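These notes concern the structure reproduced below.
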Amino acid sequence: MTLSKKDLMSEEEFALLRDLINREFGIQLRGDKRLTFHTKVSHRLNILGLKSYRDYYEFIISDSSREELFRLASHITNNETYFFREKMQLDVFSNLLKEIKKERQKKNQNILKILSLACSSGEEAYTLNILAQESGLFIWDWDIRIIGIDIDKNALKKAKGASYTKNSFRLNGNIDIVNKYFTAEGDHYSLRKIFTKNVDFRHGNLLDINSFTDINDIDVVFCRNVLIYMNDSAISRIIKNLYNSMTDSGYLFIGSAESLIQRTDLFSPEYNNGIIVYRKNV
């Protein structure tokens, strides 16, 4: 269907929504994204019975619940994820678990705490849980706690349900993985409860310090493919929130296309088997 000029989002309307997203979440829409933005959110006007994108903007900023603001952000972010994504990083994570355990034992603490940010529908958080449990390092009286945070409530609902389709196993579709960790239910695969009971998901904005309430002493943070969309100010705020939430010996994993080198002195890069991992500076 060809869109008429009347149906298209105007440059002024696009600027209002683009700047709102940037201001609230630090997400930058680079280049001419007006048509893409229109395609992703046009259905919201129909659902809400609004006549223009300016009306939509006014609706968002007048919504005290902020529900539509978060819904808007979820429509323009990339929720693509799958189990055991980016194996080289996960191998480094698994190798670091022995060191993390030693650090905890020095403090007489039998606990491992992991944070998965922009966790989407939970595949990353559950993958980290599987790797930690399967390492054999945290048995008997050890407590593994994993928290996932995302702005998309629909994705979080799926994460909490822990039921997935074959799409969540692409590029890693080894049938042994599915058979070992999941129970088949028609076209869906439910993760076994032993790998879900210690994983918690919560709704939040990474720029908002309140999203990290009661989150502290984290050993490992995964914040992959998030910062690449952010402006410099937002990155600084997020990194500070992470720094304050982590144990003094904590590790930070970011996306392979992202870098904090020369952007912060809160974390230092360490090279591990060809992968850069960031270590908290104390």
(request) Could you list all residues from the range 120-149 that are touching a residue at least 60 places away in the same chain (Cβ under 8 Å) and out of contact with any strand residue (DSSP E or B) (no Cβ under 7 Å at 6 or more places or on another chain)? (result) ILE130
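Tally the residues that are among the acidic types (Asp, Glu) and within 20 Å of ASN231 (Cα to Cα), restricting the search to the range 14-63.
Looking only at that region, the number is 3.
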(request) Tell me which residues, restricted to the range 201-228, are surrounded by fewer than 15 Cβ atoms within 10 Å (Cβ to Cβ) and assigned to a strand (DSSP E or B). (result) HIS203
(request) Go through (1) out of contact with any Leu (no Cβ under 9 Å at 6 or more places or on another chain); (2) within 20 Å of ILE146 (Cβ to Cβ); (3) not polar (S, T, N, Q) and name the single condition HIS188 misses. (result) (2)
(request) Go through (1) free of Cβ contacts under 8 Å to residues at least 40 places away in the same chain; (2) over 20 Å from PHE84 (Cβ atoms); (3) outside any loop (DSSP other than H, G, I, E, B) one by one and return the number of the condition LYS197 breaks. (result) (3)
(message) When you check LYS113 against the structure, is it surrounded by fewer than 23 Cβ atoms within 10 Å (Cβ to Cβ) and either at pLDDT 95 or above or under 12 Å from the mean Cα position of the chain (by Cα) (or both), yes or no?
(response) no
(message) Tell me the residue from ASP176, ASP208, ASP187, ASP200 that is under 30 Å from THR264 (Cα atoms), assigned by TED's automatic domain parsing to the domain that holds LYS106 and modelled with pLDDT under 95, please.
(response) ASP208
(message) I'd like the residue in the range 14-39 that is within 20 Å of the chain's Cα centre (by Cα) and surrounded by 15 or more Cβ atoms within 10 Å (Cβ to Cβ) and, out of all such residues, is modelled with the lowest pLDDT.
(response) LEU29
(message) For the range 229-282: of the residues being exposed (fewer than 14 other Cβ atoms within 10 Å of the Cβ) and of a type in the set (A, V, I, L, M), which is nearest to the chain's Cα centre (by Cα)?
(response) ALA257
(message) Please verify whether ASN129 is in a helix (DSSP H, G or I) and within 25 Å of ILE194 (Cα to Cα), treating the condition exactly as stated.
(response) yes
(request) Tell me which residues, restricted to the range 237-282, are more than 19 Å from LEU112 (Cβ to Cβ), in contact with a helix residue (DSSP H, G or I) (Cβ under 8 Å, 6 or more places away or on another chain) and not hydrophobic (A, V, I, L, M, F, W, C). (result) ASN241, ASN244, GLY255, SER256, GLU258, ARG263, THR264, ASN273, GLY274
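The values are calculated or read from the model by the stated rules, or taken from the named source; none is laboratory data. Computed from a predicted structure; not experimentally measured. Because the Cβ atoms are built from the backbone with ideal geometry, glycine has one as well, and the counts that use them run over all protein chains shown.
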